[in-house]
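The structure under discussion appears below in the form of structure tokens.
Since every read-out is calculated from the coordinates, none of them should be taken as a lab result. Everything numeric in this text was worked out from a predicted model, so none of it was measured.
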Amino acid sequence: MCLWGNSMANLNKLEKAEKLVELTGSVISRRKFDSSTPKKHVDLRRALEEDSRELQIELRTKHYSEEQLDALLDFYESEIGKSILQANERIRVEFSDGYREFGKNLAMKLDGSPQLAEIVTKNSTVDRDDDS
């Protein structure tokens with residue numbers, strides 16, 4: 001049984017893997033940049049994000065059967081699946097906050113430099129969804 005309707009039922013395996021990555025997010029999270037970020041850093045990050053997305057799609061296509069992709073899509077489109085995705089996003093943000101603080105403290109211990117701690121903090125910023 002397919003919960004995501006006829007439009008998804010006609011997708012091929014690659015398209016289903018793309019949809020799964022879209023629903024579950026990328027290993028390398030999308031990051032917002034402010035106007036002070038050098039363009040080359042923004043371009044590099046965007047390229048890494050796209051490469052990461054493409055690799056995730058390739059690996060899901062390789063390692064999941066079409067039946068598994070269907071089951072995962074059904075699950076993530078269900079109410080409980082959507083609530084788990086929302087909880088995962090909150091976990092990701094809280095983990096990042098804790099990890100950023102850990103990195104900042106470690107930089108201060110190793111180097112004693114507030115500048116290094118600031119660099120660590122700035123470079124580990126995570127995007128937050130509007131509802132976070």
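Available extension along the chain between residue 44 and residue 78 is 8.7 nm, counting 0.36 nm per residue and deducting the alpha carbon span. Here, P(r) means the percent of Cα pairs in each 10 Å bin from 0 to the largest distance; for region 10-77 it is 20, 43, 22, 13, 2.
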